[in-house]
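Notes for the one structure printed next.
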Amino acid sequence: MRMWIDQSKCQNSGLCEEEAPELFAVGGDFLAYVREGDEVLDQPGGEASQAEVPDHLVGLAEDCARACPASCIHLVG
Ligand code: SF4
């Protein structure tokens with residue numbers, strides 16, 4: 001499964017990074033980005049930057065997508 005964030009809708013709540021720092025990182029612009037291992041996919045971000053979610057973290061990613069107040073975390077596949 002892959003995951004991306006629509007930064008144009010992110011409300012800067014920081015909730016995703018709080019709940020799953022292994023999947024998300026808030027950038028210097030205060031918007032959330034997906035993380036793939038040690039790499040934060042903030043260039044360019046959005047749908048063009050999709051992180052592969054490891055199988056053991058899929059449930060957590062789904063929980064975070066449901067909890068996001070802006071509904072801007074998208075799971076694909
Ligand atoms: S939970 Fe949603 S609104 Fe909050 S920082 Fe993460 S992506 Fe943005």
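The values are calculated or read from the model by the stated rules, or taken from the named source; none is laboratory data. Here the structure is a predicted model, which means the values were calculated and not measured. Cβ sites come from the backbone with ideal geometry, for glycine too, and all protein chains shown count toward neighbours.
Restricted to the range 56-76, and to residues there that are surrounded by fewer than 11 Cβ atoms within 10 Å (Cβ to Cβ) and free of Cβ contacts under 8 Å to residues at least 24 places away in the same chain, the residue that is farthest from residue 5 (Cα to Cα) is 56. In the range 2-14, the condition of being under 14 Å from residue 67 (Cα atoms) and in contact with a Pro (Cβ under 9 Å, 6 or more places away or on another chain) is met by at least one residue. Pairs are defined by a Cβ separation below 6 Å, a sequence spacing of at least 6 or placement on different chains, a first member in the range 1-12 that is surrounded by fewer than 19 Cβ atoms within 10 Å (Cβ to Cβ), and a second member that is β-branched (Val, Ile, Thr) and modelled with pLDDT of 95 or more; the pairs so defined are 1/53; 1/58; 2/76.
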